[in-house]
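Read the structure below first, then the notes.
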Amino acid sequence: MVSKILRFIKIEHTAFSLPLLFTGAWMGAGHAWPSPGVLVGIIAAAVGARTFGMACNRIFDRRIDARNPRTAGRELPSGAMGVGTALAVALGGLVVYLTACALLNRWCLILSPVPLVPLLGYSLLKRFTALCHFGIGLCLALAPLGAFVAAAGHVDLTAEVWIFSAYVFFWLSGADIIYALLDIESDRRTGIHSIPAALGARRAQIVAAGSHLISLSALMLLLFLARAGWPAMLSMAVTLLFFGAMYLPWIPISKRFFPISTLAGVAGAITPLFV
């Protein structure tokens with residue numbers, strides 16, 4: 001059962017969001033590392049929030065997933081897991097998240113409901129708007145802001161962390177558009193809204209590229225403001241290579257999303273640490 005739950009929430013993907021959180025925490029601590037206790041609390045909050053969001057997403061989408069050959073084998077549509085178990089997983093993630101927020105500091109607890117709104121609702125957007133990809137971008141863009149507050153102990157967010165959050169928002173939103181290329185025909189058949197279904201593969205990739213150009217511009221702005229040296233520039237070059245690889249047509253779309261888009265996000269996330 002444990003292995004089934006871990007597959008259900010894709011726990012391994014949580015690891016790839018940690019650099020975003022750590023960079024936000026590093027910024028919040030004044031370009032230093034917060035205490036190990038704070039870092040552990042941030043990780044626990046991230047795991048709990050992602051578990052809650054992923055479980056709710058799977059519950060809401062179980063009937064849609066059943067009609068898509070690519071997703072029909074997932075735990076809920078295949079019958080390998082019941083809705084009751086999925087709800088228990090979501091509740092468990094919520095408890096872990098709220099407990100971690102309470103232990104971190106007062107502001108984290110006060111603001112804890114804010115990320116829950118997009119986490120709960122982003123999967124519903126595909127029923128109404130092709131801009132749904134930007135909903136999941138918002139979910140992850142809140143992560144470094146939350147980590148900043150956890151490390152700083154206040155809500156005086158700096159321009160630096162806002163710019164970094166913009167990088168995260170446009171990176172993941174663009175990557176999700178590329179991911180949705182896998183489901184163009186299924187989305188059109190089932191009435192699911194997405195940019196690829198609405199615009200077609202070629203124009204959807206243009207939109208994704210525009211989103212990624214904004215993302216990279218935000219990252220380069222951070223480096224410019226920090227007067228970054230060669231280590232950060234080298235990390236930026238690696239980031240550019242991964243971003244470019246997302247648009248190589250001979251690479252399967254599934255690989256362009258994972259691991260390539262994930263590696264692009266991670267490389268960009270750690271770049272500010274080298275300034």
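The values are calculated or read from the model by the stated rules, or taken from the named source; none is laboratory data. Remember, predicted model here, so these are calculated numbers, not experimental data. In this analysis, Cβ positions are derived from the backbone assuming ideal geometry, glycine residues included, and neighbour counts consider all displayed protein chains.
Just to check your reading of the model, which residue among C56, C101 is crowded, with 18+ Cβ neighbours inside 10 Å and touching a Cys at 6+ places or on another chain (Cβ under 9 Å)? Write out each step before concluding.
Details: C56 fails: touching a Cys at 6+ places or on another chain (Cβ under 9 Å).
Only one candidate qualifies: C101.
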C108 passes all but one of the listed conditions (1) loosely packed, with under 13 Cβ neighbours inside 10 Å; (2) within 19 Å of L39 (Cβ to Cβ); (3) not β-branched (V, I, T); the exception is number (1)
Those residues of the stretch 92-121 which are of a type in the set (S, T, N, Q) and out of contact with any helix residue (DSSP H, G or I) (no Cβ under 7 Å at 6 or more places or on another chain) amount to T99
Selection over the stretch 125-161 where residues are outside any helix (DSSP H, G or I) and either modelled with pLDDT of 95 or more or closer than 19 Å to G48 by Cα (or both) yields a count of 7
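What about N57, is it of a type in the set (S, T, N, Q), outside any loop (DSSP other than H, G, I, E, B) and within 29 Å of E185 (Cα to Cα)?
Values: of a type in the set (S, T, N, Q): yes; outside any loop (DSSP other than H, G, I, E, B): yes; within 29 Å of E185 (Cα to Cα): yes.
Yes; evaluated as a whole, the condition is true for this residue.
Can you go through V95, V83 and tell me which one is surrounded by fewer than 21 Cβ atoms within 10 Å (Cβ to Cβ) and either closer than 22 Å to G265 by Cβ or in contact (Cβ under 8 Å) with a residue 40 or more places away in the chain (or both)? Please lay out each step first, then the result.
Values: V83 fails: either closer than 22 Å to G265 by Cβ or in contact (Cβ under 8 Å) with a residue 40 or more places away in the chain (or both).
None of the other options fit; the residue is V95.
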Scanning the stretch 222-275 residue by residue, the ones that are under 24 Å from I206 (Cβ atoms), in a loop (DSSP other than H, G, I, E, B) and out of contact with any helix residue (DSSP H, G or I) (no Cβ under 8 Å at 6 or more places or on another chain) total 3
Expected single match for under 19 Å from the mean Cα position of the chain (by Cα), touching a residue at least 40 places away in the same chain (Cβ under 8 Å) and surrounded by 24 or more Cβ atoms within 10 Å (Cβ to Cβ) among L120, L172, L182 is L172
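Quick test for you: out of G135, G210, pick the one residue that is surrounded by fewer than 24 Cβ atoms within 10 Å (Cβ to Cβ), of a type in the set (G, A, S) and in contact with a helix residue (DSSP H, G or I) (Cβ under 6 Å, 6 or more places away or on another chain).
On the way: G210 fails: in contact with a helix residue (DSSP H, G or I) (Cβ under 6 Å, 6 or more places away or on another chain).
Testing whether each residue is surrounded by fewer than 24 Cβ atoms within 10 Å (Cβ to Cβ), of a type in the set (G, A, S) and in contact with a helix residue (DSSP H, G or I) (Cβ under 6 Å, 6 or more places away or on another chain) leaves just G135.
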In the stretch 166-193, residues that are on the phi < 0 side of the Ramachandran plot, not in a helix (DSSP H, G or I) and not hydrophobic (A, V, I, L, M, F, W, C) total 1
